[in-house]
Amino acid sequence: MPSSLEKTRKQIAKKRNGEVNALHVKSRDSFRLHKAAIRDQRLGKLAAARGKKEQPIMDRVAFFQEGLAEKGNNEPLDIEALQSLIQKFIHQHDEEYHVVKKARRSGRPPSTKEDMLKLKIKALETEYEEGFVLPDITSAENAKLLEKWRGEWAYLATFSWVKVSSAGQMRPAEFPSKGIN
């Protein structure tokens, strides 16, 4: 997608017979170029923030897609297999946490990385107790949709989503457009 800066530069070059370099500092054209550059920067920051917010959802769906493929033939899972996959997802950072914790000398406060890993694990455990949000891979049609998923954000809305609690209760949920964690 061409940026507004490129479009503006092209329009000014067309108007000036190809010369964009010789602009007066306070001219209308230099003001237009400056305004377009600022707009592109602002849109870039917004896109980066949106991508950062959406990444945990994408990682979660990718993990369960791999887990479904591991179980074999992308067939739907029963609730016990689903809960074991959720446990595996929650505790995927445990090894890294223990390595960081062992590396710390005694008497020293925990590092930032150790604190972040501990908070991440705790947040996932809390979410699991209340209801862990994931695509419904207990239905055959959703399992087939998940098999076809190639990492596109727009395709995530086609899945039916559920909340699975640690007690084994499963209830429908909405697509987590606001982000997870």
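The values are calculated or read from the model by the stated rules, or taken from the named source; none is laboratory data. Source: prediction; values computed, not measured. With ideal geometry, Cβ positions are generated from the backbone for all residues, glycine too; neighbour counts draw on all protein chains shown. Keep in mind that these areas ignore ligands, DNA and RNA; they rest on the heavy atoms of the full protein, side chains included. Shrake-Rupley method; radii C 1.70, N 1.55, O 1.52, S 1.80 Å.
If you go through segment 47-72 and keep only what is closer than 24 Å to residue 139 by Cβ, open to solvent by less than 50 Å² (accessible area, probe 1.4 Å) and of a type in the set (Gly, Ala, Ser), you end up with 62, 67, 72. Residue 8 meets each of the listed conditions (1) without any contact (Cβ under 8 Å) to a residue 24 or more places away in the chain; (2) surrounded by 12 or more Cβ atoms within 10 Å (Cβ to Cβ) apart from (1). Here residue 26 qualifies as in a loop (DSSP other than H, G, I, E, B), at negative phi and of a type in the set (Lys, Arg). Counting only helices (runs of 4 or more DSSP H) that sit wholly inside segment 76-179, those with at least 2 residues that are open to solvent by 60 Å² or more (accessible area, probe 1.4 Å) and at pLDDT below 90 are 140-148. For beta carbons closer than 9 Å, sequence separation of 6+ or different chains, a first residue in segment 54-75 that is in contact (Cβ under 8 Å) with a residue 60 or more places away in the chain and a second that is of a type in the set (D, E, K, R) and in a loop (DSSP other than H, G, I, E, B), the qualifying pairs are 68/75. The residue that is farthest from residue 8 (Cα to Cα), among those in segment 20-46 that are at pLDDT 90 or above, surrounded by fewer than 16 Cβ atoms within 10 Å (Cβ to Cβ) and of a type in the set (A, V, I, L, M, F, W, C), is 46.
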